[in-house]
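Student: Right, I'll just put the structure down here and ask away after.
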Amino acid sequence: MVRRRVLLFALLSVTLTATALGQTLKVRVERDQLRVTDSQLRFLTGRPLDRLHNGATVTYALQLTIRNEKSGRVSSRLTQRFAFSYDLWEEKFTVTRLDSPARSASNLSIAKAQAWCLDNLAIPVAELPRDRPFWVMVEFESEETQYPDKEASSLTLSSLIDIFSRRSRDDQQVRGYGEAGPLSLNELVKKK
């Protein structure tokens with residue numbers, strides 16, 4: 001019974017956190033692009049952040065989606081991949097956008113590295129609905145660490161222990177979202 005209450009409390013906490021994150025997304029029109037910011041959206045956390053601090057490179061996929069209704073049909077979507085590395089001496093991040101055109105920024109704090117990624121997500125205003133409200137969502141997910149494949153003949157007792165002692169995929173990945181809406185293109189253009 002206590003275990004069920006703890007599980008229910010944990011699920012409720014995750015739901016409340018996701019709801020709180022969704023309410024912080026700020027949407028703006030800059031030139032002819034729709035852009036987002038979210039000072040509360042934290043994706044450099046957990047196991048991926050630990051891997052960065054241990055010298056590994058971590059890749060995230062970020063997706064910006066425009067929908068005609070909150071859970072309705074997708075009218076536009078952009079997905080970008082970003083590779084993060086961490087300078088152990090400077091204690092700063094370097095981020096590289098892997099999709100074309102490739103760009104990078106270095107010597108960034110954790111907040112600035114996350115903000116830089118969001119700033120590199122933009123959907124052309126021409127793809128937005130002009131005559132009806134729309135919803136905007138940003139989703140992020142760390143990509144699974146790729147381990148080198150071992151041939152069956154090279155399996156040893158130590159490699160089997162390594163394989164079976166790894167954390168599950170869910171323990172290693174970080175995912176989440178932020179959303180805003182309903183929004184009107186006319187109101188966003190007026191704010192500009």
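Readers should treat all values here as calculations from the given coordinates under stated rules, not as data from a laboratory. Not measured: the values here are computed from a predicted model. Methodologically, a virtual Cβ is constructed for each residue, glycine included, from the backbone with ideal geometry; neighbour enumeration extends over all protein chains shown.
Student: With a 10 Å Cβ neighbour count serving as the proxy for reagent exposure, in which order, fewest first, do 93, 43 appear?
Tutor: Ascending Cβ contact count within 10 Å gives the list 93, 43.
Student: Using the Cα gyration tensor of segment 76-141, with a ≥ b ≥ c the square roots of its eigenvalues, what is the shape: rounded (a/c below 1.5), prolate (a/b larger than b/c) or oblate (neither)?
Tutor: Values: a/c = 3.28, a/b = 2.46, b/c = 1.33.
Verdict is prolate for segment 76-141.
Student: Run the numbers for residue 24 and residue 112: contour at 0.36 nm per residue of separation, minus the present Cα-Cα distance, in nm. Numbers along the way, then the final one.
Tutor: Numbers: separation 88, 0.36 × 88 = 31.68 nm, distance 1.66 nm.
Working it through step by step, the gained length comes to 30.0 nm.
Student: Once you put a point 7 Å from the Cα of residue 184 and another 7 Å from the Cα of residue 119, both along the Cβ direction, what distance in nm separates them?
Tutor: With each label point 7 Å from Cα toward Cβ, the separation is 3.1 nm.
Student: Treat the count of other C-beta atoms within 10 Å as a stand-in for reagent exposure and order 127, 179 from fewest to most. Numbers along the way, then the final one.
Tutor: Working: 127 12, 179 22.
Final ranking by Cβ density, sparse to dense: 127, 179.
Student: Also, I was wondering about something else. So between residue 79 and residue 105, what do we pick up on full extension, going 0.36 nm a residue minus the alpha carbon distance?
Tutor: Details: separation 26, 0.36 × 26 = 9.36 nm, distance 1.88 nm.
Value of the extension gain: 7.5 nm.
Student: When the Karplus curve 6.51 cos²θ - 1.76 cosθ + 1.60 is applied with θ = phi - 60°, which whole-Hz ³J(HN,Hα) does each residue of segment 36-41 get, with x for Gly and Pro?
Tutor: Taking θ as phi minus 60°, the curve returns 10, 9, 7, 6, 9, 6 Hz for segment 36-41.
Student: Moving on. Cα convex hull of segment 16-146: how many Å³ per residue? Intermediate values should be presented prior to the final figure.
Tutor: Numbers: hull volume 15.8 nm³, N = 131.
Value for segment 16-146: 121 Å³ per residue.
Student: Rounded to whole Hz and in sequence order, give me ³J(HN,Hα) for segment 42-49 from the Karplus expression 6.51 cos²θ - 1.76 cosθ + 1.60, θ = phi - 60°, writing x for Gly and Pro.
Tutor: Once θ is set to phi - 60°, the couplings for segment 42-49 become 10, 10, 8, 9, x, 4, x, 5 Hz.
Student: Across segment 55-62, in residue order, what do the Karplus-derived ³J(HN,Hα) couplings come to in whole Hz, using 6.51 cos²θ - 1.76 cosθ + 1.60 with θ = phi - 60° and x for Gly and Pro?
Tutor: Computed from phi, the couplings for segment 55-62 are x, 7, 9, 10, 10, 10, 10, 10 Hz.
Student: Run through segment 24-130 and list the trypsin sites (Lys or Arg not before Pro) located in a DSSP loop whose Cβ has at most 14 other Cβ atoms within 10 Å. Mind showing how you got there, number by number?
Tutor: Numbers: sites: 26, 28, 31, 35, 42, 51, 67, 70, 73, 77, 81, 92, 97, 103, 112, 130; in loops: 31, 42, 70, 73, 130.
Those that pass, being in a loop and sparsely packed, are 31, 70, 73, 130.
Student: Continuing with this model, one more query. Please name which of 60, 120, 89 has its Cα lying farthest along the dipole of segment 28-151 towards the positive end, using unit charges on Cβ (Lys, Arg +1; Asp, Glu -1) and the Cα centre as origin.
Tutor: About the Cα centre, the residue reaching furthest to the positive side is 120.
Student: Let me ask something else about it. For a paramagnetic label modelled at 7 Å from the Cα of residue 175 toward its Cβ, which residues of segment 22-45 fall within the zone defined by backbone nitrogen distances under 20 Å?
Tutor: Label zone hits: 22-23, 41-45.
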